[in-house]
Structures are given as C-alpha cells and as structure tokens.
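A short write-up of the structure that comes next.
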Amino acid sequence: MQNSPEMFNEKLQRIKTRLNAIANKYKRYPPTWPFIIGSLLIIAGIIYPTYGRELAYSQIGLDLKQVSAFLKELGFAFIISFVVAWLIEANARREYIQFVEETSQQLSVSIYEFLYNVNLPPKVFKLIEENLFKEQFMRENLKITYHVNELNSDDISKNVSAKTKLEMCASLLIFDVEVSYVVKNISGYSGNFPGAFTVEKELKEFFNPNSLVAKTGLLSLNIDGKYFNLAALNKTDKLAPDDERNKNFTFPIPLEAGQSKLVCLSYRMIKRKSDKELYRMLFICDSLTFAAHYPKSIRMIADPVLPLKQQTDKNLLYSEIDDGFIQCVISHPIFPGNGILMWWEPK
C-alpha cells in the first residue's frame, strides 16, 4: 500500500506533540531568588560580628559567632538548592536536545519510507544527507570552455635548445580554461564559499618549468564584478598548500543566507598530447554547459560522468562532436563527484 503525505503529516504531528510536551516540562529556568537570598545571608553572616550588637544570651541563647554561623549556613543552603536545581535543569535540557536530534534523524529517514516505500539503510541515508541535505552552497549555470592549442616556439624560453623545443612542441599541449558560474548560499545562515580548484603542475619529466614563457596557473578572477590583481591572484595560491602533483588555489567568498554572486575565472595548464582530464563537481550544480576547442591534429572525446538514468535521458543531455570542437549540455542537476571526463590522443 502506497503511503500518502497525509499519513506522514499525521506522524509528524504526533512527534511535534511529544516534543512540545517535553519542551513545556523543562522550558523554565530555576528561579534566581534562592541564589540572591543565600548570597545576602552569607554577607550578613560575615559582617554581623563586626557591626552587629550582641544579642542578650538570656533571651535567645546565641552569641555573635553563633548568629554569624547560622546566617552563613542558611545562606549556603539556599545557594546549594539553587545549584542543584540548575544541574537538574541542565540534565533535562540535554535529554531534550538528544531526543530532538534522534527524532529529527528518524523523521528524515521516514520521509522516504512513507512517501516512496523505500527503507534506506542508515549508511545510504547518511551519504545522501552529507552530500545533499547538509550542503550550504550550490552552483548555478556553470559554463566551462577549454581552449586547447599546440605548444609553439613562442611559448618556450629562448634559452632552451632547438632539440628540446622540438621535443616539447611534439609532446605537449596548452590548455586555457574559462569557468563561470553563480554560487548561491542555500542555507539559512551566512558562511564562506570555499572557492577552490586545482591545476596540474608542469610536467617535469619533459622540461624544466622555467623553460616556459607562457604563465600557468590562475590567470584571472572576477567575483561579482571585483577583479583580482596580480598580488591577489598570487594570494589564492598561497592560501592553499600545493601537493606533489597539483597547484591548489582557494578564494573564500562570504555569502549571507540566500545571497548569490557571479564568479568568472580562467587558468592555464600544460598537458601531454595523449592524456585525460576529469572535471569533477565539488558542489551541487543545477546545469552544465561544456565546450572544448582543440587542434585538428588530435582526436578528443568528452563523456559525462553521471548516474545511468541521467545519461540515457536524451531530453536532459545534449552532445556534439566535430573536428576541432566538442560540446556537452547537461540541463539537469549534477551531484558532487559527477562531471565531465575528457581524453585525447594524436591522430
């Protein structure tokens, strides 16, 4: 039997009723008057022997020290009762918070169980939760364009020998990549979007990186109309330590809840003439337009890395391959880890 949203709402209402009952039970803090009275009694017990008049022993049977001790002990009793009440309250609130978290988790899983008759294992739901439900940012209208060119002598330093130049030109390609997207904070709180990407380091087995005249790495960055100068571009590299294979860049973007900003950047890298490239999503993206312009001396193929059902839906996926040009348009959301896989080789 297919469960309906009405059945789910009924269970949700029962859970809310229980939550409200617990909240009403512990919603008030202990009164502060025992603490105030206890403090005043202790103060009175301290100063009474100094400033008070001795009471007639024959009337009450107490001297100054006895009165002082009585006031202080009574004050401590009030304060202890206040502290105990606070400890009980803190424990009750911890119990309440734990129950809310457990119920929230159960309720989230129950959405699938009630609406779709799917009982997801906890590990599967945790994977979905961490990669989708807990995402703070998403990218919209992502566009990626690769301009691939053969290396020529003008891109190589004059100090390089003619033989090395020929080897480099025969073995390497220059990739100029342009990327643009709108990043949006989809959460209810502010945060910094971790704008980050990696560029493969120069191929040291082929040449010394200083042999190149052409600059590699991040070439330009524009965030919502603000252009980064050379010093700011270099800072994006220093903020992210490089690893053995890649140069890492990062540019945190502050975003208020619901705020969006346009990001445009370009970078350059050196690749072998027979190689591959995977552009993988780090955040949810609503769509992707990918294009590559490449020399006719090589053969290139681009294949979307998507769930199988999305790959076979012709209404959501369009691709075109021509001699020197390739394009792929994905008009549906793309999950983190998905993307475009390219590979190429000389003809």
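The values are calculated or read from the model by the stated rules, or taken from the named source; none is laboratory data. None of the values given here were measured: they were computed from a predicted structure. Cβ: placed from backbone, ideal geometry, glycine included. Neighbour counts: every protein chain shown.
Does residue 298 satisfy being within 18 Å of residue 172 (Cα to Cα), of a type outside the set (Ser, Thr, Tyr) and modelled with pLDDT under 90? Before you say what the answer is, go through the steps one by one.
Numbers: within 18 Å of residue 172 (Cα to Cα): yes; of a type outside the set (Ser, Thr, Tyr): yes; modelled with pLDDT under 90: no.
No, not satisfied.
So which pairs qualify, if the first residue must be in segment 284-302 and within 24 Å of residue 138 (Cα to Cα), the second must be part of a loop (DSSP other than H, G, I, E, B) and hydroxyl-bearing (Ser, Thr, Tyr), the Cβ gap must be under 7 Å, and the two must be at least 6 apart or on different chains?
So the pair list comes out as 287/331.
Would it be correct to say that residue 317 is surrounded by 16 or more Cβ atoms within 10 Å (Cβ to Cβ), at pLDDT below 90 and among the aliphatic types (A, V, I, L, M)?
Working: surrounded by 16 or more Cβ atoms within 10 Å (Cβ to Cβ): yes; at pLDDT below 90: yes; among the aliphatic types (A, V, I, L, M): yes.
Yes.
Please go through segment 168-190 and give me each residue that is surrounded by 14 or more Cβ atoms within 10 Å (Cβ to Cβ) and not aliphatic (A, V, I, L, M), ordered by number.
Selection gives 169, 171, 175, 176, 178, 180, 181, 184, 185, 187.
Could you check segment 284-312 and list, in sequence order, the residues that are surrounded by fewer than 17 Cβ atoms within 10 Å (Cβ to Cβ) and in a loop (DSSP other than H, G, I, E, B)?
Those that are surrounded by fewer than 17 Cβ atoms within 10 Å (Cβ to Cβ) and in a loop (DSSP other than H, G, I, E, B): 295, 296, 297, 307, 312.
Across segment 273-283, what is the total count of residues that are closer than 16 Å to residue 138 by Cα and either surrounded by fewer than 16 Cβ atoms within 10 Å (Cβ to Cβ) or not assigned by TED's automatic domain parsing to the domain that holds residue 139 (or both)? Give the derivation first.
The first filter runs over segment 273-283 and keeps only residues closer than 16 Å to residue 138 by Cα, leaving 280-283.
Now narrow it down to the ones that are either surrounded by fewer than 16 Cβ atoms within 10 Å (Cβ to Cβ) or not assigned by TED's automatic domain parsing to the domain that holds residue 139 (or both): 280, 282.
Residues meeting the conditions: 2.
Residue check, residue 156 against (1) surrounded by 13 or more Cβ atoms within 10 Å (Cβ to Cβ); (2) within 20 Å of residue 265 (Cβ to Cβ); (3) of a type outside the set (D, E, K, R), all met but one. Which one?
That leaves (2) as the condition not met.
Could you figure out which of (1) surrounded by fewer than 16 Cβ atoms within 10 Å (Cβ to Cβ); (2) touching a strand residue (DSSP E or B) at 6+ places or on another chain (Cβ under 6 Å); (3) free of Cβ contacts under 8 Å to residues at least 40 places away in the same chain isn't true of residue 147?
Condition (3) is where residue 147 drops out.
Does residue 263 meet the test of being in the same structural domain as residue 198 (by TED's automatic domain parsing) and either touching a Pro at 6+ places or on another chain (Cβ under 7 Å) or surrounded by 13 or more Cβ atoms within 10 Å (Cβ to Cβ) (or both)? If you could, list the steps in order and put the result at the bottom.
Values: in the same structural domain as residue 198 (by TED's automatic domain parsing): yes; either touching a Pro at 6+ places or on another chain (Cβ under 7 Å) or surrounded by 13 or more Cβ atoms within 10 Å (Cβ to Cβ) (or both): yes.
Taking the combined requirement at face value, the residue satisfies it.
Among what's in segment 241-266 and is of a type in the set (Ser, Thr, Tyr) and in contact with an Asp or Glu (Cβ under 8 Å, 6 or more places away or on another chain), pick the residue that is nearest to residue 220 (Cα to Cα). Lay out the reasoning, then the answer.
Let us first name the residues in segment 241-266 that are of a type in the set (Ser, Thr, Tyr), namely 250, 260, 266.
Remaining after also requiring in contact with an Asp or Glu (Cβ under 8 Å, 6 or more places away or on another chain): 260, 266.
Values: 260: 20, 266: 5 Å.
Looking at residues that are of a type in the set (Ser, Thr, Tyr) and in contact with an Asp or Glu (Cβ under 8 Å, 6 or more places away or on another chain), I get 266.
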